[in-house]
Each structure stands twice: as C-alpha cells, then as structure tokens.
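Enquirer: For reference, the structure I am asking about is given below.
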Amino acid sequence: MMEGEVVSGLVKQLVLRIFPSRSKSAEDGAGSHGEVVDDVVERAHKYAMRIIGSRIVPSLANDEAAMAESVKRQLVLEGRSSDALTFADLHRRFSSLSGAGSIENRWSVLYLLKAISEDQRREPSETRGIAGPLTSTISRPAALGGLAALPDSPVKARLSNGVSDSVYAPKRAQRSANLQKGYASEQESLAPGGMLLLSKDAENLKAAALREYVELNQEFSEVTEMALVRDVVYACQGIDGRYIKFDKEIDGYKVNDNLKLPKATKVLIRRLCEVGWLYRRVKEHITESLEQGPMEVIGTVGQAFCAALQEELSDYYRLMAVLEAQLHNPIPFMSTVEGAKGAGNYLSLRRLWVWLAEPLVRMRLMAVLVDDCKSLRGGAMAGAIHMHAQHGDPLVRGFMGSLLRRVCSPLFEMVRKWVLEGEIDDLYGEFFVVPQPVKAEALWREGYQLQTGMLPSFIPEPLAQRILRTGKSINFLRVCCEDQGWATAAADALAAAGTPAGGGGIGYGETETLEALVVEAAARIDRHLIRIIYDQYKFREHCLAIKRYLLLGQGDFIQYLMDLVGPDLSQPANTVSSFKLAGLLESAVRSSNAQYDDSDVLDRLRVRMMPHNEGDRGWDVFSLEYNARDPLTTIFTEFVMARYLRIFNFLWRLRCVDHALSATWQTMKPNCSIARLWASIDGGTKSQLAAVMRRCQTLRNEMNHFVTNLQYYIMFEVLEHSWANFLDEMEEAHDLDELIVAHERYLSSIVEKALLGERSQLLCKTLFTLFDLILRFRGLADRLYENAREVQTRGEIAARRKVKELQASVPYNTGFRKLPTVQLTKELLASMGEEMDVIAAEYSSLLEGFFAQLPVQQHVDLKFLSFRLDFSEFYTRQHMGTSTMHIKLKRTPKF
Amino acid sequence: MDGAGLQKARESLDIVYLISNLLNTGLDRQTLSILVALCEHGVNPEALAAVVKELRREAAALNRGGNGQSS
C-alpha cells in the first residue's frame, strides 16, 4: 500500500503541476472559483488514479532497444535525421548510466515520452476538428481493460448521452465504445468544462457513416481484425498466434476452424501467412546449419550464405518490429475523440498485405535458395545461387547480387590467396582446386586438380585453369625449386592489377578484375618460373646433354663406348658386371670430347642394366641413363625417361649393327692374306670361294647401304630436325605447361619418325629382324673369313714346315694334314654358301616387306627415308619383278 | 542518497529532459521528474501517457472555460 500512496502522492503533484494557474488560485483560496478548481483537481486526481489503476501491466513487451529504434524511426520519418542522431546519442548516454541514482525503468520513460510527443503532435489537427484518415477500415478496438469502467468516470458521465444505457456485455463493450466514438466525432472535442464543439460538416458525416459500416461488417466475425492482424504479424515471425497456428499436417498456417470469418478474409490471411511459412523454412535452414550441422558439411561458403540470409532476416525483423509497433502504437486512449483519430494508424489485413508484398518476394527467393542449396557446398553452392541471379527482374537480380557478394567472399578470398600466395585456405573442401598428396616430383602434374563440381559457373573454365596453374607454379617454385623470388612477382602482379594488397578487393560480379589479377599474376609467376628453370636448373643444357648421350648425338663418345664395352657385352647378360661397365663408360667419356662437358652433366650419366631374360646378351640389356634431378623430373618424368630409353635402345642397336658391319668390312676388305690364300688354292675350290666371297661382299654392301641410310635419316631428318623445332618452341614457351608440351611433342615426334610409335610397330619389328639378320650375316662372314685365313695360315705354316723339313730332312707327314684342310674348306664353302643364300633370301624378303610397309606410315618424313633408301628405284623394280629376282638370287649361289 | 547518486540522478534527468525536448513533449523539468518517479514506481507508461494527455486536455478546457467565464 505504501507504493500506492507514493504513487497517489505523485499523481497529485502531477495534477497540480498541470493545472498550475488554478492550483495557485486554489492556494490563494480566493473566491468561490477556487473551490471549483479544487473540486476539479480532486476529480482529475481521481480520474488519473483510475486510469493508472485500470492498466497495471503494460500491453507491450518491455524492450528498450526496440522502443529507441521506433523513436528514431519516427524522427527520421518526420525528416529530422539530425534530431534522430542526437536522440541516438542521448539514448546511448542514457542507457550507459547505471547504478544508484540512475533511472532503472528506461523503457517506460522512453515510451512515455514518445506517447506524449505523439499526442502533442496530434493536438493541432484535433483542434481543427479533422477526422482520422478515412482510409482506415478498422475501427479502433476499445482499450483492452479499462473501458468497462469508463462510463463511471465523471468525465464520461458527462459525455455519454444515449450510449451509456447500451448493453454492457463484454463483447458488446467494444461495439458500444466504437459507436461512442462515432458519435464523438460528430460531437467533436467534448471539453469537461461542459462545452461542445460541434462540427457537422459533410466530411465528418461521411467518416461516421463509414465507421458505421465497419461496425456492421464486424458483426459477422467473432474476432476483431486487430487480433487477426496481430496474429498474422506473429505468424510472419514464426510464432503461433491465438487464432492462427501452424499446422504440421497441412504444412502451413491455419486459422482456427471455430472462427467464423468471411471467405475473403480467410484467403487474405492464408496469403499473408505464406511469408510466415517461408520464414520458417529459411529460419530452419539457418539454425540447422549454424547450430546443429557439423562444420565440415556446411563449409565457409555455406556459413557465409547463412550469414547473408541472417542479415536479410534481420532486415525483415526490423520491418516486423515496425509493423508490430504500428500495431500497438496508438494507445487506446480513454477519449473517444482520440480513439477516432488514432484509428488511422492501425494496421489492417490489407495494409499488411501491402507492407508484406516486398518481403514476401524476398522471402520466397530465400526459401527457393535454401531448398536449392541445401545439399550443395562451396563453389557449387555459389554456382547454384549464380544461376538464380540470371534473372530478368532487377529486384531479384539485385537481391541475388548482394547475397552472392557475401556468399562468394570466402571463395574469392581463397582464389586471391591461391593466386598470390599459393596457399589453399580450404578446410572444408570447397575450393575448386584440390591438393593431392603426392611426392615433390609429381607436384606439377598431379599435385593439384581442378574440381569441376566446385567450380562456380561465373568463373569460366579457362580462367579456372589459369588460376590453377598460377597457384601451382607458386607451389612448384616453393617446394621443388626452393625459390623465394615468386613473392616479389606476386606483389608486382598485385600492384599491376591495381587491387589493394590487404583486403580481398574482389567480389562477385567483378570477374574482369579477377581475371586481370589472375592474368597479371600468372604472367609474372610463369615468367619467373621459366627463368628459374632455364637459368638455375639449366633445362636447355640438360636437354642437350640428353640428346648428346642418350640420343647418341656425341658420335666420338659413342664410338669409343662401343669399342670399349663391345667385348663385355658379347657375354651372356647375367655375367656382365655393371660396375665394370660404369668404369668403361668413365673411360669412354675421358677419351672422347665428352670430357670437356660440364661435370654436373657427366655426373648424371649412368649405366643401366635392364632386367634380362635367360639367354640375353649384354647387348640386349645395356643402356645409358640420364638422371635429371628434382625440379626437372617434372619434365623428365619416369614415363618420359622410359621413352628416351626406348629411343636409346633403338639407336644403340642401330649403331651396334652399323658398328658390326664396319668391323666385318675390316676383315673382308681385300688384303694380302686373302690374296695369298687366293694364290695358294686351286681349281674348283677357288672358283667356289670366289663366288661365296663375292656374294658376301654384295650382301654386306647392300646391308651397309640400308643401315647407313637409315642411320643418316634418324640422325639428321629425325633427331636434328625435331631438336631444332624444340629449340624454337622452348623460346616461345611462356609457362611450364607449354614447356612440358613442347618437350612432349619433341619426344613424340622422334618416336613417331624413328618408327617406334604405336602405328609402326610392325615396321619396327621388321627392322629389328633385319638387324638380327645382319648380325647373323656378320657372324657368318666372320666365320668365312676366319676359316679362309686359318686355311691360309695353316698353308703358310705347312709350307714353312715343309721348307724346314726339307732343310732338316725330318720325315713329317704334312701332305696328309694338308689334304683334309682343303677338303674341309670345300665342304665348308658349300655349307656357307647355302647359309648365305638363306640369309640373302630372308634379307631381301624382309627388306621388301619393309619397303612395302613404309608408305603405309602416315608421317611425311618417312617419304624421305624411302627415297633415300631407294633413290635409284632399284628395290621398286626388284619388287615389280619378284619372281625373276628370286631366280636370280637362287641362281647365284648354285655352283 | 550520496553525492554520486545525486549527481547521476541529475544527469539522467538532464538526458531525459533533452530527449523530451527533442520529442516536443512540452513537459517542463518538474513535471518530467514526477513522471520519471512514477515510471520508476512501475506505473504503466501507457496509462501515464493517457493521464498526462487527459489532464492537459482538462486543463485546456478549464482554461478555455475560465476565459469564457471571465470574458
């Protein structure tokens, strides 16, 4: 009760304050008028106490911030932005005060001030006697609590004429109050002093009639529109109202079935509640992803998406707060007059529909996005939103644009970081570049891959490739080349592209800026990388070294090597020691011009023994290997080296055959031992020997022609030509990828032209058989000449012995020994002649096959080979007359 | 009430007065302090605003009436 007394006292003071002049005169106690004033003050006090007592609990939620916001908005709406700012400042100071002596109930104070201020504002119009806006279709529902007591109040008692005797059923109370208001507007401003201000102009009559109509309309419904509007506003915020509740079964908001409402109202409510339904979806998604979902599933882009949605929603909340404030704003005052005036501020369902039209569109868009992007992450999500942004409606486009700007910011930050620093800041696998766990040498080729699923559609594929390569180059420089210079290159690129160094200045919709940045960064970093590869790692020198050693470009070295390792390689493969070969390689280097080469290059040259099978010779397994160390292994991968190895093996074999034929020539060339043998033998054997030898010579010549020309072709038409092309391409290569491609092209052109490619497998096989045949021939020729020489030597020895015998007259049966030798030679010659025929026949048929297959090859350069081999068209003619040739071939050895 | 508390109370009231002026409520300091006190006692501001308004209207009517009488 103490509290009540204090309040009462305060109210009394208040009344006295507001009636200052009268109270003064009351204090004077001068005349009867003073008593009247006393009486008035007393009544006013009672009245005030009743009003206060009628509503203890505020009808609004106690929210200071919202109140302050509403005041601010009001000020802004009136066009007093500077005042709004001042107010904001004052409010900040106001709320910062706390502790003893400060005001606790700040909200109340603010509310009070606002209400009074609004009343003040309305004052002028009131005195002019203008009715509330006619557009308002809602009648002002009566005050929530204090109305029943109203007619009892002294003021009211004087006011109410015929109305007070109307039925006071609770439901009717509203209506009566409304009716009262209707009359009140007619009567206008009824002063307690008993004065009536009547204004029966046409406008007021019209207003009254309208109100009457609204009243009648409300007869139908059991619930006021006000309550419905409040419920709709609640529903739009996902809260169940009194009449409108969310129904899980139909998945939507629904008006209570028991409520009798006109169909139109129901439809309107249903439409309005769509906003609420959409809001629920969006909100659900946000809470699900931000609170429950694991971070890995959502990712930063998803998070940004949620944040953007949240921001949109907070805009929406703001609107809803305003609407709600509007809903409660005109406090239902006791006075009917004010009530009628305030009616203009009330929200009707239709007004709400207008208010919510734009939020509905936005909310719909958000809900669509939420549905579309639920399962997507990262770049894919950004891409999906981008697809929605391709819309003709500028509103939709603008909305999506602003949303995308926020959604894409983590993505663009990733791109920036990747392009300029080579770092992937992607914890949740959202970036379209994906690192693979690989070793350093495979970093370039396999280290990073483009994940097309995560590539948002607003970044075109070539740009993405470029982005990928730029970051890859940085990583390559950092990891494989241990180079730091890229940082300055990146900084230069940043400066050139004109974007600020600190923040990620690129956002959605600025693809050109992004492209410019990427292009700049790519160009600089690639240039730097290429320079590093050329200068620091001497790519060109190594390529040349490989050409010289692995592709047998260094002729003298190869010659020495072959001479040195030849004897060893004739052994079975399993007895060949690679250590010994390494030593021989060393000495070959030392004895040739290769010794002047860079020691770094020579260090990398190794002997390699390939895995061998039973019965393989050393020739089959021997190969040279070049060890291109780390950063260069990106270009000289194992696969590439295997191709080099194949080429080397082929060339080595070719050289080996050539070498063999040359060696045979050394024994076959006419010399004195043969000449002496010639002299020593007689008759049939002599002519037979001559025929075999002749055959041998022609065959060797033929083979030599073939091998020499083939070798010439390989060395000059293939190797040098490709090398020259490669050098040109190397000059033009702007980045590592181009360099790799150029090298690849170089290598495959060699492989193609050297008949090692896929398409010329058959030809290559023929060629290798030919080589085998030539080696067989060499064996045969060697045997023939060895035998011949043996015979000759033996003859000589025998002759010498004979001389000795004669001299020493020691009986020695030399004649017996000599005879079988000659005979042996005869049989031998016959068998050798036959063998040579076989080889010759096989050779010519193989060669014929080779020539037949040669034009089948697509490569234009092979034409040169066939022309070179058959420039006199000898083989072509032979091919034409195969049968005659056979006879000719058969005929020669027959003796 | 100690000095600091008094100081703070005055400051608060000053701010409220400024806001009140900003909003054109037409209340003087004295009235404002009474109203703030009422608010602090937990009176519903809605009702309080109504009271102020009613009283003002009464006062205006009274004045007018008085003037009418006197004239």
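The values are calculated or read from the model by the stated rules, or taken from the named source; none is laboratory data. Nothing here was measured: the structure is a model prediction, and the numbers come from that model. Positions of Cβ are backbone-derived with ideal geometry, glycine not excepted, and every protein chain shown enters the neighbour counts. SASA here: full protein model, heavy atoms, side chains in, ligands and nucleic acids out. Shrake-Rupley method; radii C 1.70, N 1.55, O 1.52, S 1.80 Å.
Enquirer: Any residue that is facing another protein chain (nearest Cβ under 7 Å), under 20 Å from A:Val41 (Cβ atoms) and more than 13 Å from the chain's Cα centre (by Cα) - is there at least one of those in the range B:12-31?
Expert: For the range B:12-31, residues facing another protein chain (nearest Cβ under 7 Å), under 20 Å from A:Val41 (Cβ atoms) and more than 13 Å from the chain's Cα centre (by Cα): absent.
Enquirer: Can you find a residue that is at pLDDT below 50, more than 10 Å from every other protein chain (Cβ to nearest Cβ) and surrounded by fewer than 21 Cβ atoms within 10 Å (Cβ to Cβ) anywhere in the range A:104-126?
Expert: The answer is yes, given that some residue of the range A:104-126 is at pLDDT below 50, more than 10 Å from every other protein chain (Cβ to nearest Cβ) and surrounded by fewer than 21 Cβ atoms within 10 Å (Cβ to Cβ).
Enquirer: While we're on this one: Does A:Arg80 fit the bill of being at negative phi and at pLDDT 80 or above?
Expert: no
Enquirer: Output the number of residues of the range A:680-710 satisfying the condition of being of a type outside the set (Val, Ile, Thr) and more than 23 Å from A:Arg776 (Cβ to Cβ).
Expert: Result for the range A:680-710: 6.
Enquirer: Next question, about the same structure. Hey, among the residues in the range A:10-41 that are under 30 Å from A:Trp107 (Cα atoms) and of a type in the set (D, E, K, R), which one's modelled with the highest pLDDT?
Expert: A:Lys12
Enquirer: Moving on. Could you tell me whether the range A:286-295 includes any residue that is open to solvent by 60 Å² or more (accessible area, probe 1.4 Å), closer than 26 Å to A:Asp426 by Cβ, modelled with pLDDT of 80 or more and not hydrophobic (A, V, I, L, M, F, W, C)?
Expert: Looking through the range A:286-295, at least one residue is open to solvent by 60 Å² or more (accessible area, probe 1.4 Å), closer than 26 Å to A:Asp426 by Cβ, modelled with pLDDT of 80 or more and not hydrophobic (A, V, I, L, M, F, W, C).
Enquirer: Find the residue count for the range A:475-490, including only residues that are more than 12 Å from A:Ile530 (Cα to Cα) and either in contact with a Lys or Arg (Cβ under 6 Å, 6 or more places away or on another chain) or assigned to a helix (DSSP H, G or I) (or both).
Expert: Of the residues in the range A:475-490, 7 are more than 12 Å from A:Ile530 (Cα to Cα) and either in contact with a Lys or Arg (Cβ under 6 Å, 6 or more places away or on another chain) or assigned to a helix (DSSP H, G or I) (or both).
Enquirer: With the condition being crowded, with 17+ Cβ neighbours inside 10 Å and of a type in the set (A, V, I, L, M), I'd like the helices (runs of 4 or more DSSP H) fully within the range A:661-775 carrying at least 3 qualifying residues.
Expert: A:683-712, A:736-753
Enquirer: How many of the residues making up the range A:408-457 are of a type in the set (Gly, Ala, Ser), in a loop (DSSP other than H, G, I, E, B) and farther than 26 Å from A:Asp492 by Cβ?
Expert: 2
Enquirer: Within the range A:231-275, can you find the residues that are open to solvent by 70 Å² or more (accessible area, probe 1.4 Å) and in contact (Cβ under 8 Å) with a residue 40 or more places away in the chain?
Expert: Within the range A:231-275, A:Lys260, A:Arg271 meet the criteria.
Enquirer: Turning to a different aspect of this structure: Here's a check for you: in the range A:560-602, which residue that is touching a strand residue (DSSP E or B) at 6+ places or on another chain (Cβ under 8 Å) and open to solvent by 40 Å² or more (accessible area, probe 1.4 Å) is nearest to A:Arg653 (Cα to Cα)?
Expert: Per the criteria, the residue is A:Ser570.
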